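Participant: Dropping the structure in here first, questions after.
A short reminder: the numbers here are calculations on the coordinates, not readings from a lab. The structure presented is a predicted model; accordingly, all values stated were derived computationally and were not measured. Ideal geometry is used to build each Cβ from the backbone, glycine not excepted, and the neighbour counts take in all protein chains shown.
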Amino acid sequence: MPTFPSTPRNLPPVQTKYRTIKTALPVPESLPILEEIRKYEPQSMGGMPPIIWKNGENFLVNDFWGNRWIDWSSGVLVTNAGHGRKEIIDAVVAQAQSGLLTNYLFPHKLRGTLARMLVERAPKHLDKVFPLSTGSETIECAIKLCRTRGQKISASKRVMVSFVNGFHGRTLGSQMVGGIPALKSWIGNLDPQMVQVPFPDGFRCKDVSFDLFVKSLADAKVNSTDVCGVLLETYQGGTASFADKAYIQKLRVWCDENNVLLVFDEVQAGFGRTGKYFGFEHYGVKADMICCGKGISGSLPLSAIFASREVMDLYPPGSMTSTHSANPICCAAAIANLELIDREKLVENAARMGDILHRELGKIQKEFPKNIGAVHGKGLVAAVQMVKPGGEEPDGDTAFAIVQQMYERGVLMFAPVGFGGASVKIAPPLTINQEALEESIHVLRESIRAVVQ
Ligand code: PLP
C-alpha cells in the first residue's frame, strides 16, 4: 500500500486566496507529534495525509505552521456545514457551561427538540428517530429491527440482503452485511442469512436489470418470503456510485410484495451532501428506514435511525438504548448544525456547486480517457475512478499519487478508498463557494496531469 513520505520534502510554495503551502511537508516540527501517534495507536489509524490540524475554517483547514488547504474531505463527510462554525461552537460551549455534559436516558431539554427537528426533516411516514453515537450503531439497530419485525411475521423471515462492495461500518453486524470480503475474513463464521447481491452501478456491475437481484437471491437459495430487510448505501461510499434508478424502483415494488423493509444507509449521503436533503430522494422511492450519522451534527459523535412508530416501538422501555444516545452536548451541536443547513440553504448550494463539479469532472475524464474509468456521484460528492491505461483494472497507485499531489498543492483529500483503493474521492463542505471550488478543480487537473503524463 502506498504511503505519504514521512521525511520532509521541500516543495514549490503555494500562495492563493485560499491555499498556502510555505513549509516542507510533512512539516519538520510536526514529526514528533506524528511519531507519538504512530507509536501508541494501532497502525490502522494511519494512512491519511500527515498534517497536524490546528483548526478548520469553513471549507479550509489550517495547520500550526501557516499552511492552509482547501478541504475536499469534510473530515470524512462530517462537516457539511463547514469546519469550526461559530454557531456550532457557541451551542456546544453554552451547553457545556450549563453543567450538563451527560445524563444517559434521563430526559433533558434538548432531546425532544432535536428529535422533533429530525423527524420534521424526514419523510412524513418516518415519525420516530432513535439517536445513537456512530453510523455502525444505526446499522446494527436496523438489522435488529428488520429481524425482530420479520420474525413476528414468520420464524424464518430473517434474511438481510445487502450489496457487494457495500460498506456499513466496522462492528460485527455492520461488517457481516458489508460487501467487501477482505474486511470480514476475520469473522470466520459469517451468518448465512446475510446475503450480498451485485450493486447495479453500471460500471463495475454492467448488468443493472432487476432480474439480477432475483437471480442472485435464487442462486443463494434465498426464498423471497424469508427476507426481512434490504439494506443499501444510497451511494456506495468508496466510489460514490449510485444504483440504477429503475432498478431501485423495482426493488421498492419487490419489497412491498414480499413485506420487506427497505433500508437506506445515509450515513454519508444525508443532510444535503448529494444536493437533496436525503440522498435516497434521487431514486423517487419510499424508504422504510434511514440510517444517518456524520453530517447530522457536522461535528460531535451523533447518529440516528429513522423509522415508523410501528417499527421503532417494537421494543419496550429500557430495552433498546445506548449510553451516549442524545448526549446533551452532541444534541446542542446537531441543533445548531441543522439550523445552519436550513438557514444557509446548503442543500441548494450542494446541488448548484455539484453541477459545476460534475460538469468539470466530465471534461477532465475526457482529457484523460485512458486513466479515468468512471466518475460517479451527485451534488458535492464525487469519485474519480482511476484505471490502468486502456482497461478497467483499478489503479490504486495512480489514485494515491494524485491525492499526494493535491496535498502538496494545498487541497486536502483522504487517501484513496473504494474499488481497489483506486478512487479519488471529492467531498468538500457544502459551504464551498464557486471560486474555491473552481480553484481546487484546477488543482485536480494539474495533479492528474503531473501523475499520468
Ligand atoms: N455507513 C456508511 C455508508 C459509512 O460511510 C460509514 C462510515 O464511514 C458507516 C456506515 C459507519 O459509520 P461510523 O464510522 O460512524 O460507525
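Participant: Given a Förster distance of 22 angstrom, what is the FRET efficiency for Lys245 paired with Asp207, based on the Cβ-Cβ distance and rounded to 0.05?
Facilitator: 0.90
Participant: Follow-up question, since we're still on this one. In whole Hz, what ³J(HN,Hα) sequence does the range 65-71 give by Karplus (6.51, -1.76, 1.60; θ = phi - 60°), x for Gly and Pro?
Facilitator: Residue by residue, the range 65-71 yields 10, x, 8, 8, 10, 6, 8 Hz.
Participant: Using helices alone, what [θ] at 222 nm do you get for the chain, with -39,500 (n - 2.57) per DSSP H run of 4 or more residues, divided over all residues and rounded to the nearest 500?
Facilitator: -11000 deg cm²/dmol
Participant: Give the cross-link partners of Lys388 among the lysines, using a straight C-alpha distance below 29 Å as the criterion and excluding same-chain residues fewer than 8 apart.
Facilitator: Lys184, Lys206, Lys245, Lys363, Lys366, Lys370, Lys378, Lys425
Participant: For the range 173-189, just list the computed ³J(HN,Hα) in residue order, Karplus coefficients 6.51, -1.76 and 1.60, θ = phi - 60°, integers in Hz, with x standing in for Gly and Pro.
Facilitator: Coupling constants for the range 173-189: x, 5, 6, 5, 8, x, x, 10, x, 4, 7, 10, 4, 5, 5, x, 9 Hz.
Participant: Using the Cα centre as the reference, give the magnitude of the dipole from point charges on the C-beta atoms of the chain (Lys, Arg: +1; Asp, Glu: -1; all else neutral), rounded to the nearest 20 debye.
Facilitator: 280
Participant: Another question, if that's okay. Among the aspartates and glutamates, which have Cα under 13 Å from the Cα of Lys286 when same-chain residues fewer than 8 positions away are ignored?
Facilitator: Asp256
Participant: Find the eigenvalues of the gyration tensor of the Cα atoms of the chain, then list the square roots of 5 times those eigenvalues as equivalent ellipsoid semi-axes, largest first, in whole angstrom.
Facilitator: They are 35, 28, 20 Å, listed largest first.
Participant: Counting Lys and Arg as +1 and Asp and Glu as -1, what is the net charge of the other residues whose Cβ lies under 15 Å from the Cβ of Ile356?
Facilitator: -1
Participant: Another question, then. So what's the gap between the Cα centers of the range 84-98 and the range 332-368, to the nearest angstrom?
Facilitator: 25
Participant: How fast does the range 87-343 diffuse by Stokes-Einstein, in µm²/s, taking the Kirkwood radius from C-alpha pairs at 25 °C and 0.890 mPa s?
Facilitator: After rounding, the answer is 131 µm²/s.
Participant: Note down the relative contact order for the range 25-65 as a percent, whole number, built from C-alpha pairs under 8 angstrom at least six residues apart.
Facilitator: Computed value for the range 25-65: 34 percent relative contact order.
Participant: For the chain, what is the percent of antiparallel DSSP beta bridges, rounded to the nearest 5?
Facilitator: Of those bridges, close to 65 percent are antiparallel.
Participant: Same structure, new question: What does the net charge come to around Leu101 if you take all other residues with beta carbon closer than 15 Å to its beta carbon, with K and R at +1 and D and E at -1?
Facilitator: For residues surrounding Leu101, the net value is +2.
Participant: Restricting the count to DSSP beta bridges whose residues both fall in the range 87-343, what percent are antiparallel, rounded to a multiple of 5?
Facilitator: 40
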